[in-house]
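Single-structure report; data block below.
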Amino acid sequence: MTESSYHGHCLCGALAYEVAGPLENVCFCHCESCRRASGAPFVAWGTCPAERFEMTLGELARFHSSPPVTRGFCRRCGTSVTYVHEARPGELDIAIATFDDPGDIKPEFHIWLDDKLAWVEISDDLPQYAQWRSP
C-alpha cells in the first residue's frame, strides 16, 4: 500500500476493493445510523470520489438506511463497507476499519456529537462537531 492507494476487504473475504488517490474528510462518526449499521459506538470513515473506488472482488449489497443514504455491505458476512449520501453526489465514504492497513489512516475530526453515546469518552484533541462539519 502507498499513501495514495488503499486496498480493503470484508470479514469473510467475499468482497475486496481498491481506492486510488488520497482520502478526505477522515473522521469518526457518532450518529445513531452509523452505530446501528455497524454495531459499534462510532465509525471511522474516509471520503473519496466514487470513480476512484473499485470493487476488485464480489459486489456490494446495498441498503437504503434513510431516504438520502445508501449503505454498501457484504451480503455474506454483513461487513459495512460504504456510505453514500445524496447531498454529496459523486462521493462515497469507506469504513476505515475495512482497509488492509487501517492503522495508517488517522481520523482528523469527530462528527455527530449530538448523537454520541454518553459513556463514550473522547480523549483526543481532534475538532468536534455537533452534526456535520460546515465547509
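The values are calculated or read from the model by the stated rules, or taken from the named source; none is laboratory data. Values in this document were obtained by computation on a predicted structure and should not be read as measured data. Here the Cβ positions follow ideal geometry from the backbone for every residue, glycine too, while neighbour counts run over all protein chains shown.
Of note:
- Taken over the range 65-99, the criterion of being within 9 Å of the chain's Cα centre (by Cα) and either assigned to a loop (DSSP other than H, G, I, E, B) or not hydrophobic (A, V, I, L, M, F, W, C) (or both) is satisfied by Ser80, Thr82, Tyr83, Asp93, Thr98.
- Unmet requirement for Ser123, which otherwise passes all of (1) modelled with pLDDT of 95 or more; (2) part of a loop (DSSP other than H, G, I, E, B); (3) of a type outside the set (Asp, Glu); (4) in contact with a Phe, Trp or Tyr (Cβ under 8 Å, 6 or more places away or on another chain): (4)
- Residues in the range 18-42 that are part of a loop (DSSP other than H, G, I, E, B) and either modelled with pLDDT under 95 or within 21 Å of Arg133 (Cα to Cα) (or both): Gly21, Pro22, Leu23, His30, Cys31, Gly39, Pro41, Phe42.
- Test: residue in the range 43-50 that is exposed (fewer than 15 other Cβ atoms within 10 Å of the Cβ), touching a residue at least 60 places away in the same chain (Cβ under 8 Å) and not in a strand (DSSP E or B): no
- Near pairs, Cβ below 6 angstrom, 6+ apart or cross-chain, from the range 87-107 (of a type in the set (Phe, Trp, Tyr)) to any residue that is part of a strand (DSSP E or B) and buried (at least 16 other Cβ atoms within 10 Å of the Cβ): Phe99/Tyr6; Phe99/Gly8
- The range 100-135 - residue that is closer than 13 Å to Phe42 by Cβ and β-branched (Val, Ile, Thr) and, of those, nearest to the chain's Cα centre (by Cα): Ile111
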